[in-house]
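Data block below; observations after.
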Amino acid sequence: MTTSRDDPKAGAAAGPTDAGAVLERLAAVLESRKGGDPERSYVARLLAKGPDAILKKIGEEATETVMAAKDGVPERIVAETADLWFHCLVMLAHFGLSPRQVLDELARREGLSGLDEKAARQSGSTEVRR
């Protein structure tokens, strides 16, 4: 019997998903793959190869995402973005970081002027207009 826990599409079919919860569940799975058998797990294999392999994969996925966006096919854009995000999650796991930290940073920036925020980062200032 397949449960919603076994079938990642079941949660999406049931209604809207909490993006933070989805990212945290994926992060937990990635964490569980650390030190796993590279012959049995793609993530374990990628983590075992180290940061250069992970970063190369992110570069490839970023390029594929850009190409999908240029083609303008919504389903491809979503699929390639999912691949990119997934590999970014692998990178975060490798460096001992969590999606929560990224979400917290995005929340911190929410409502800030993008130009002011960038200028503050470059100058080292913490004060930014909202």
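The values are calculated or read from the model by the stated rules, or taken from the named source; none is laboratory data. Not measured: the values here are computed from a predicted model. Counting neighbours? That spans all protein chains shown, and the Cβs are built from the backbone with ideal geometry, glycine included. SASA here: full protein model, heavy atoms, side chains in, ligands and nucleic acids out. Shrake-Rupley method; radii C 1.70, N 1.55, O 1.52, S 1.80 Å.
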Region 61-109, relative contact order in percent, only Cα pairs under 8 angstrom and at least six apart counted:
30 percent
Tell me the per residue accessible area of region 71-116 using a 1.4 Å probe; a whole number in Å² is fine.
64 Å²
Expected sort for 117-123, 53-59 on mean C-beta neighbours within 10 Å, highest first, is 53-59, 117-123
Using per-residue counts of other Cβ atoms within 10 Å, averaged over each peptide, order 40-49, 87-96 from highest down.
87-96, 40-49
